[in-house]
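Values in this text are rule-based calculations from the coordinates and carry no lab data. Predicted model, so just to flag it, every value in this text is computed and none were measured. Because the Cβ atoms are built from the backbone with ideal geometry, glycine has one as well, and the counts that use them run over all protein chains shown.
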Amino acid sequence: SSAMVTWPVRLNIALETAEALAYLHKKDVIHRDVKSNNILLDEKFHVKVADFGLSRLFPTDVTHVSTAPQGTPGYVDPEYYQCY
């Protein structure tokens with residue numbers, strides 16, 4: 001079917017998503033709610049990361065930050081919840 005997204009396009013979506021998150025992390029921003037609904041695509045399937053409602057700016061002068069678990073159930077790593 002012509003409506004199918006090809007594997008090369010899917011791979012590019014994954015790569016652009018990873019690049020966007022790496023960019024945020026370099027700026028000390030942690031998104032905290034990455035899920036498919038928050039990855040928007042334009043008409044050429046280029047990625048835009050959305051919904052920064054749970055995001056946090058973390059200080060650069062510390063090595064560890066504790067926060068309460070946040071995120072959408074089903075999308076959060078179960079080990080994340082076990083830490084709290």
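Odds and ends about this structure:
- Fewest-first sequence of 35, 26 by Cβ atoms within 10 Å of each Cβ: 26, 35
- Each of 42, 33, 51, 61 was scored by other Cβ atoms within 10 Å of its Cβ. Listed from fewest to most, they are 61, 42, 51, 33.
- A full extension of the chain between residue 45 and residue 19 corresponds to an added length of 7.9 nm, given 0.36 nm per residue minus the alpha carbon distance.
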